[in-house]
1. Give the peptides 149-160, 180-191 in descending order of average Cβ contacts within 10 Å, highest first.
2. Within 10 Å of each residue's Cβ, count the other Cβ atoms and sort 60, 174 from fewest upward.
3. I need the calculated FRET efficiency for the pair residue 185 and residue 110, taking r as the beta carbon distance and R₀ as 25 Å, to the nearest 0.05.
4. Cut-off is 10 Å between beta-carbons; in what order do 116, 220 appear when sorted fewest neighbours first?
5. Can you sort 223, 231 by how many other beta carbons sit within 10 Å, fewest first?
C-alpha cells in the first residue's frame, strides 16, 4: 500500500498511517445520532465518541458530516477493514490475557454505553473491573506504539472512562490501550479530573457546531488536508 492510500482517517490517529479509530463507528451508528426534540436530553443532541476523534483531528469534519450531511465513506479503507478484523480476532485470543496482566477480576466486552448527562455514546472494547475496586476501559488499536499515546487515543479513553463512571457508578481513573502491531503491547494511561473536564468542554464545542451550524476554523496543520475527503469543498 502506498503513502497516498493512507487516507485522512489513518492520519487522524496521528500515527503516520498506523492508527485505527473507526471500528466502533458501525455499532455506534446503529443508534440514532440525534434525540427527538423535547427529550430528556437538555441539548437535544447526542454525539458519538468517534465524533470527538474527528473533531480533534479537524473540527470542520463535524460541520461537513452533520451540518451539510456529507459522509466520508470511510468503510472502504484498508485500515478500517483490518481494524475490524483485529477486533474480531481478539475476542477469540485474548480471553485470559488481561486478567493475568492487569489484575482484572472480570471484564465485559463490546459494551455500548451512553450518557444523558454528557450527551455522548460509544462502544467500549472491554470494560475491566480491577482488584482495587475501580474499572477501566481497554481499547485495541491496529497500530504500533510510538513512545507516546496520541491525543485522539487519549480522549477516546477518557470519554469511555466518563461513560463507565456514570453507567456503572464506579471510579474509573485509568485506562489501557493494546497496540496490536507492537506484539499486543498494553500501555496504561492515568486519567485525571482535568482530563474529564477537558473532555466535557470538547463535547460542548461539538454540540454547538451541530446545533448552531457554526463553521469552525480550519486545522493549523496543512498536511492533514492533503488526503482529506473534504479538501475539494473546504475553503
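1. 149-160, 180-191
2. Fewest-to-most ranking of 60, 174: 174, 60.
3. Efficiency at R0 = 25 Å is approximately 0.70.
4. Ordered from fewest to most neighbouring Cβ atoms within 10 Å, 116, 220 come out as 220, 116.
5. Working: 223 8, 231 11.
Final ranking by Cβ density, sparse to dense: 223, 231.
Throughout, read-outs are computed from the coordinates displayed, never taken from laboratory work. Quick caveat: nothing in here was measured; it's all calculated off a predicted structure. Methodologically, a virtual Cβ is constructed for each residue, glycine included, from the backbone with ideal geometry; neighbour enumeration extends over all protein chains shown.
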